[in-house]
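Worksheet: the structure to be examined is printed underneath.
Just so it is clear, none of the values below were taken in a lab; they were calculated from the coordinates. This is a predicted model, so every value here is computed, not measured. Here Cβ is always computed from backbone atoms with ideal geometry, including for glycine, and neighbour counts include all displayed protein chains.
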Amino acid sequence: MRTTKSDAVVIGGGLAGICAALELLDAGRSVTILDRDNEENFGGLARESFGGIFVVGSREQKRAGIRDTPDLAFADWCAFAEFGPHDHWPRRWAEAYVQRCHDDVYRWLQARGIGFFPVPHWVERGQWAPGNSVPRFHIVWGSGRELALQLIARLHAHPNAAKLALHFDHRVEGFTTLMGEISGCCGVLEGSGEPFEAFGEAILVASGGINGSLEKVRQHWHADWRTPPPTILNGSHRYADGTLHDAVGRIGGNLTHLDKMWDYAAGVHHWKPRKPNHGLSIVPPRSALWLDWRGHRFAPPLVTGFDTRDLVTRVCATERQHSWQLLNRRIALKELAVSGAEFNPSIRDKKKLAFFRDLVFGNRWLVDEMLANCRDFVVAASLPDLVARMNALQEDDAVDLAAVTDAVLRYDAQIDRGPTFHNDEQLRRIAYLRNWKGDRIRTCKFQKILDPNALPLIAIREFIVSRKSLGGIQTDLQGRVLDASGNPIPRLYAAGEATGFGGGGMHGLRALEGSFLGGCVLSGRIAGQSIGGGTT
Ligand SMILES: Cc1cc2nc3c(=O)[nH]c(=O)nc-3n(C[C@H](O)[C@H](O)[C@H](O)COP(=O)(O)OP(=O)(O)OC[C@H]3O[C@@H](n4cnc5c(N)ncnc54)[C@H](O)[C@@H]3O)c2cc1C
């Protein structure tokens, strides 16, 4: 039996675990990080992420003329969250996040060499209820990969780095106890199955959410979304399977809001899957027509940028629970995007010229890559051909050519009449979105679908893609794991997505976006400081 001993044991080498470990080293404590994955993937999901972080009151906001305050952000957050009367800790974590994200996330990251793109994005503006009143999504220049790699470099270069032990391929399965108190954790080595134990004065669970297990996603499917769709793609971590949630539950830890998830409506299959059902999340082009599985346009139309959860709800309300987006090459060049570091190489590799080239002339690389490889994309020169290909992909005649043609002709006719006469909710939203400079440059100015200069036509079949857990292990504001009566379980802490980003669900029902990475930094730091004995 392999055994290790240190002041603190951190389960999970994702962003939350790394930030906690940095705080522990700052406090002069010895730390062991255990991760089930291999060293190449150190950094967890943050390494794959796009790198957008929710910040209030940043320099980038001020430069762009945005007046933002924690009070405004908290009001927006609560409107989106729809907290219930018993959501004491989620609400307190939300409050802490909006108050502290400037100093304890943004400035802290800047002090560690992380820079941000100059124009914040304006996401989750709210559909019928308010969302982000102003742009708050700050993109790390270098994407989430830079975020992870910079912080990992800080760990290795830390003056107390000798107090850090890293163990990869270690799958933690449960906790050890001594005289009724938690003393460590135990598990097996991936591959060999050799058992190990790691002992510490404090154990921090930072093992991510549950959304990497489609079984758990189905088990906790939210009632608002009807039954789980027949196809759900996996856009989370392959080891985010809730093993540690179950282990925390077995020793009396309180798990809350597991049915609250942040999934996306526009998932497509990855052609080089790194996990079963590996899905990519398309940022849905706003100028595309969003159609249901039969080819009928959603009414009212679906447009991204307002309420991601509502998009999922609307698609899940249809019979087959998948959808189509219909566009043309010109729209794709300007608007098609895929979330994550992998499909944003110019941002990830910090290539300014390539980034501006793609912005001005269109992202040819991405469009060609998706058309050549992704099985959910079909292309044709005419609507009858396109619909035939959509049906061939579905292996039936479900998509109705007459319905698709009607939707396209009506939409194009509105554009022909000119902006004065636009009476279409999607066109109204496009006009509104284009008021913000960050969106104007990425959104076509009323682009007709059948414009002969914009062809060929493209249809994208889109499934629900599972991503983030908004619920999880309940913690107090020191990151201590609470039992069902609200009492801390001695020596046990949790942070990051494992805690629904703090308190067992600090986002409530919906997230304003960027608060996931930000939530990992804050909750990881708080737990690390709390264990290390510093201020929280
Ligand atoms: C493509 C993509 C784009 C994203 N973009 C954004 C964005 O722009 N903004 C944003 O805010 N968020 C974004 N996210 C979400 C964000 O990246 C994650 O929510 C966040 O990184 C989670 O960090 P974590 O440390 O809590 O967990 P994880 O990153 O999941 O790390 C958990 C670690 O624990 C390990 N582990 C799991 N189980 C065990 C076990 N039993 N034993 C030992 N180790 C275990 C795993 O191997 C993993 O390394 C994105 C995610 C993806 C996939």
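State whether one or more residues within segment 181-194 are touching a residue at least 24 places away in the same chain (Cβ under 8 Å), surrounded by fewer than 15 Cβ atoms within 10 Å (Cβ to Cβ) and not in a loop (DSSP other than H, G, I, E, B).
As a first pass, look at segment 181-194 and keep what is touching a residue at least 24 places away in the same chain (Cβ under 8 Å): 181-185, 187, 189-190, 194.
So of that shortlist, the ones also surrounded by fewer than 15 Cβ atoms within 10 Å (Cβ to Cβ) come out as 181, 194.
Adding the requirement that they be not in a loop (DSSP other than H, G, I, E, B) leaves 181.
Among the residues of segment 181-194, at least one is touching a residue at least 24 places away in the same chain (Cβ under 8 Å), surrounded by fewer than 15 Cβ atoms within 10 Å (Cβ to Cβ) and not in a loop (DSSP other than H, G, I, E, B), which makes the answer yes.
Summed over segment 268-281, the residues that are within 11 Å of the ligand (Cβ to nearest atom) and part of a strand (DSSP E or B) give a count of 4.
As a summary of the residue check, residue 169 satisfies the conditions (1) touching a strand residue (DSSP E or B) at 6+ places or on another chain (Cβ under 6 Å); (2) under 23 Å from residue 473 (Cα atoms) except for the one numbered (2). Within segment 155-180, the set of residues being outside any strand (DSSP E or B) and loosely packed, with under 15 Cβ neighbours inside 10 Å comprises 156, 157, 159, 161, 162, 179, 180. Across segment 62-90, the qualifying residues are those that are more than 20 Å from the chain's Cα centre (by Cα) and crowded, with 20+ Cβ neighbours inside 10 Å, and the one among them that is nearest to residue 132 (Cα to Cα) is 68. Counting the residues of segment 1-19 that are more than 9 Å from the ligand (Cβ to nearest atom) and either in contact with a helix residue (DSSP H, G or I) (Cβ under 8 Å, 6 or more places away or on another chain) or free of Cβ contacts under 8 Å to residues at least 40 places away in the same chain (or both) gives 4.
Does at least one position in segment 454-476 carry a residue that is hydroxyl-bearing (Ser, Thr, Tyr), within 28 Å of residue 135 (Cβ to Cβ), more than 16 Å from the ligand (Cβ to nearest atom) and touching a residue at least 60 places away in the same chain (Cβ under 8 Å)?
Within segment 454-476, the first condition is being hydroxyl-bearing (Ser, Thr, Tyr), and the residues that meet it are 466, 469, 475.
From what is left, the residues that are within 28 Å of residue 135 (Cβ to Cβ) are 466, 469.
Retained after the next criterion (residues that are more than 16 Å from the ligand (Cβ to nearest atom)): none.
For segment 454-476, residues hydroxyl-bearing (Ser, Thr, Tyr), within 28 Å of residue 135 (Cβ to Cβ), more than 16 Å from the ligand (Cβ to nearest atom) and touching a residue at least 60 places away in the same chain (Cβ under 8 Å): absent.
Of the residues in segment 86-97, at least one is out of contact with any helix residue (DSSP H, G or I) (no Cβ under 7 Å at 6 or more places or on another chain), in a loop (DSSP other than H, G, I, E, B) and touching a residue at least 12 places away in the same chain (Cβ under 8 Å).
The criterion of at least 2 residues that are closer than 30 Å to residue 380 by Cα is met by the following strands (runs of 3 or more DSSP E) wholly inside segment 421-516: 457-469. Residues of segment 133-154 include at least one that is in a strand (DSSP E or B), out of contact with any Asp or Glu (no Cβ under 6 Å at 6 or more places or on another chain) and among the hydrophobic types (A, V, I, L, M, F, W, C). When restricted to residues that are more than 20 Å from residue 323 (Cβ to Cβ) and buried (at least 19 other Cβ atoms within 10 Å of the Cβ), segment 368-400 contains 0.
Any chance segment 457-469 includes a residue that's surrounded by fewer than 19 Cβ atoms within 10 Å (Cβ to Cβ) and touching a helix residue (DSSP H, G or I) at 6+ places or on another chain (Cβ under 8 Å)? No - not one qualifying residue is present in segment 457-469. Scanning segment 198-210 for residues that are within 13 Å of the ligand (Cβ to nearest atom) and either of a type in the set (Asp, Glu) or within 30 Å of the chain's Cα centre (by Cα) (or both) yields 203, 204, 205, 206, 207, 208, 209, 210. Can you say whether residue 241 is among the charged types (D, E, K, R), surrounded by 22 or more Cβ atoms within 10 Å (Cβ to Cβ) and in contact with a Ser or Thr (Cβ under 6 Å, 6 or more places away or on another chain), as far as the supplied structure shows? Considered against the rule, which asks whether it is among the charged types (D, E, K, R), surrounded by 22 or more Cβ atoms within 10 Å (Cβ to Cβ) and in contact with a Ser or Thr (Cβ under 6 Å, 6 or more places away or on another chain), residue 241 comes out as no. If you go through segment 214-238 and keep only what is within 16 Å of the ligand (Cβ to nearest atom), assigned to a loop (DSSP other than H, G, I, E, B) and surrounded by fewer than 22 Cβ atoms within 10 Å (Cβ to Cβ), you end up with just 238. Residue 286 satisfies every condition listed in (1) within 12 Å of the ligand (Cβ to nearest atom); (2) in contact (Cβ under 8 Å) with a residue 40 or more places away in the chain except (1).
Does segment 25-32 contain at least one residue that is closer than 23 Å to residue 160 by Cα, of a type in the set (A, V, I, L, M), more than 9 Å from the ligand (Cβ to nearest atom) and touching a His at 6+ places or on another chain (Cβ under 7 Å)?
Restricting attention to segment 25-32, the residues satisfying the condition of being closer than 23 Å to residue 160 by Cα are 25-32.
So of that shortlist, the ones also of a type in the set (A, V, I, L, M) come out as 25, 27, 31.
This time we only want the ones that are more than 9 Å from the ligand (Cβ to nearest atom), so: 25, 27, 31.
With the extra rule that they be touching a His at 6+ places or on another chain (Cβ under 7 Å), the set shrinks to 25.
Yes, segment 25-32 contains at least one residue that is closer than 23 Å to residue 160 by Cα, of a type in the set (A, V, I, L, M), more than 9 Å from the ligand (Cβ to nearest atom) and touching a His at 6+ places or on another chain (Cβ under 7 Å).
Taking first residues from segment 136-151 that are touching a residue at least 60 places away in the same chain (Cβ under 8 Å) and more than 15 Å from residue 513 (Cα to Cα) and partners that are β-branched (Val, Ile, Thr) and near the ligand (Cβ under 8 Å from one of its atoms), the Cβ contacts under 9 Å between residues at least 6 apart in sequence or on separate chains come to 147/53; 148/18; 151/18.
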